[in-house]
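The values are calculated or read from the model by the stated rules, or taken from the named source; none is laboratory data. Owing to the predicted nature of the structure, the values given are computational and were not obtained by experimental measurement. Reconstructed Cβ throughout: ideal geometry from the backbone, glycine too, with neighbour counts over all protein chains shown. Accessible surface is based on the protein model in full, side chains and every heavy atom, while ligands, DNA and RNA are left aside. Shrake-Rupley method; radii C 1.70, N 1.55, O 1.52, S 1.80 Å.
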Amino acid sequence: MTGLEPRSFWAHFEALTTIARPSRHEEPVIEHVREWAARQGFELEQDAGRNLVIRVPASAGRETAPTLILQGHLDMVCERDPASPNDPAEGRIVLLRDGDWLTADGTTLGADDGVAIAAMMTLVEDESISHGPLELLMTVAEEVGLEGANALDGSLLTGATLINLDSEEDGTLTVGCAGSTDTWIRVDAPRAACAPDAVTLSVAAGGGLGGHSGVQIALGHANAIKVLGRVLREAHAAAPFRLVSLAGGKSRNAIPRDAVAVCSVPRDQEDAFRSAVESATTVVRDAYVKTDPGATVTVESAGDAADAWTEDATAKLLDVVSLVPTGPLAMSPDFDKLVETSTSLGEAATEGERLTLHSLSRSSNDAAMPDVVATLDAAARLAGGTLEVKHNYNGWRPDLDSELLAVARTVSEGLFGEPPVVTAIHAGLETSVIGGKVSRHLDMLAIGPQIEGPHSPDERVSIPTVERFWKLLVGIVEEHSAERR
């Protein structure tokens, strides 16, 4: 981190990489923030949902300015390459600097949303920055359906203006986001003992880029569960086998990079099965040659299995994996090249006779979501299964006449000499929930540095854009209190 500016920001960020902060298990980082706030002499409150609100007094001369809320989340997606000795879930992130980029060795970096926490801490420590009263809202469990924001006690907030620090696009002012819905298809199907002379094989899909299932859903990255399902379905037609288990994906909001199926294959069909998998894999690799060239499927021998789904059940389960949609479903009519509606099959799990397929669907058009859910429900019913639906939050509708947006436009153009891009994001931002948690209208905006590959071990943050993000944040905070004190 030598030579990186602002130094205090990078010191706080580096400290966060040593603290375990997986979703729903943020206690270590909460304690870290508590101790920091106590050293600074700031008042801290925590609600029943474990969210933190830290109250920062105004700078001298800015006491009558309106209160401004700065907001980010404490948790992170803890993904890792299978062979990596590092693990964010245990506070082991090894930082790597690659030119103008900062990344991690074999794991997610946690810039989403460590940059927000580091920026808030740095800003309020810097006595050269003039600001009005501030409320630092640090939420938990953002990466699992915005659970912290959904549990927020809105009465803890007194401000009417909020800057969310969880955007991932440099030079962009984000003024809207997609809502989301989780669904679980559960299919119970009969199993029976494996044939005594059957061969047990492990078929694995991997090598894909993965990534965020919202902002990167239109990039053509391979979904390992879908790839595996496609290859196995084609192989089943050529050389029938029985499925022992199917599992894949680690995070509901990440495009699965890895998936594994254990298959019970008649001994005299092993060569035909391997050949069918190889042929199907060749076609899959060709399909992703431009967008995800590393995606592949491999076959290895596995330990003997006691039982497996029947052949008919296997065919039915592979059909339902094929039927579950994944990818963009509609583009935004308001913003160029922005996905409006999508769905992503994020996790597959086997438990006894049951296969569970967990999807995360998103849309900035709330009226489009029922159609997506109906499609998933139809897939479940055709397989003789059930669908569980959990609506997380509605979309955040853009307000292009926002006073905060006007201030941010002016500051950004003054700093960087060109108008900023104003857009929405095809992902969940806590603004969509927080706005409904207070009894008054919240004027909201989201900003951030350039972060690529979030939710995957390829996550990286652009170092120069962190400095731009910092200058923009400071400028908006100072201008907000100067204009309205």
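Computed quantities for the displayed model
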read-out: Condition broken by residue 363, with the remaining ones in (1) in contact with a Ser or Thr (Cβ under 7 Å, 6 or more places away or on another chain); (2) touching a residue at least 40 places away in the same chain (Cβ under 8 Å); (3) within 27 Å of residue 204 (Cβ to Cβ); (4) open to solvent by less than 10 Å² (accessible area, probe 1.4 Å) satisfied; value: (3)
read-out: Odd one out for residue 196, checked against (1) part of a loop (DSSP other than H, G, I, E, B); (2) surrounded by fewer than 19 Cβ atoms within 10 Å (Cβ to Cβ); (3) touching a residue at least 24 places away in the same chain (Cβ under 8 Å); value: (3)
read-out: Any pair with Cβ under 8 angstrom, 6 or more apart, that starts in segment 291-304 at a residue that is touching a residue at least 12 places away in the same chain (Cβ under 8 Å) and surrounded by fewer than 19 Cβ atoms within 10 Å (Cβ to Cβ) and ends at one that is β-branched (Val, Ile, Thr) and part of a strand (DSSP E or B); value: 298/203; 301/199; 301/200; 302/200; 302/262; 303/200; 304/200
read-out: Residue ranges of strands (runs of 3 or more DSSP E) in segment 48-107 with at least 1 members touching a residue at least 60 places away in the same chain (Cβ under 8 Å) and closer than 21 Å to residue 36 by Cα; value: 52-56, 68-73
read-out: Test: residue in segment 312-323 that is part of a strand (DSSP E or B), open to solvent by 40 Å² or more (accessible area, probe 1.4 Å), among the hydroxyl-bearing types (Ser, Thr, Tyr) and more than 30 Å from residue 422 (Cβ to Cβ); value: no
read-out: Those helices (runs of 4 or more DSSP H) lying entirely in segment 376-485 with at least 3 residues over 17 Å from residue 177 (Cβ atoms) and open to solvent by 70 Å² or more (accessible area, probe 1.4 Å); value: 403-416, 463-484
read-out: Residue ID - most open to solvent (accessible area, probe 1.4 Å), chosen from residues in segment 204-217 that are hydrophobic (A, V, I, L, M, F, W, C) and touching a Gly at 6+ places or on another chain (Cβ under 8 Å); value: 209
read-out: Qualifying residue in segment 148-158 (condition: farther than 15 Å from residue 450 by Cβ, aliphatic (A, V, I, L, M) and in contact with a Leu (Cβ under 6 Å, 6 or more places away or on another chain)); value: no
read-out: Which numbered condition residue 188 misses (of (1) open to solvent by 50 Å² or more (accessible area, probe 1.4 Å); (2) at pLDDT 95 or above; (3) among the charged types (D, E, K, R); (4) under 22 Å from the mean Cα position of the chain (by Cα)); value: (4)
read-out: Among (1) in a helix (DSSP H, G or I); (2) closer than 29 Å to residue 83 by Cβ; (3) out of contact with any Ser or Thr (no Cβ under 9 Å at 6 or more places or on another chain), the one test that residue 232 misses; value: (3)
read-out: Test for residue 201: is it under 21 Å from the mean Cα position of the chain (by Cα) and surrounded by fewer than 24 Cβ atoms within 10 Å (Cβ to Cβ); value: no
read-out: Residue match in segment 130-149 (condition: buried (at least 18 other Cβ atoms within 10 Å of the Cβ) and either among the basic types (Lys, Arg) or under 30 Å from residue 307 (Cα atoms) (or both)); value: no
read-out: Residues being hydrophobic (A, V, I, L, M, F, W, C), farther than 21 Å from residue 321 by Cβ and not in a loop (DSSP other than H, G, I, E, B) - total across segment 244-297; value: 1
read-out: Filter pass, residue 97 being at pLDDT below 95 and open to solvent by 40 Å² or more (accessible area, probe 1.4 Å); value: no
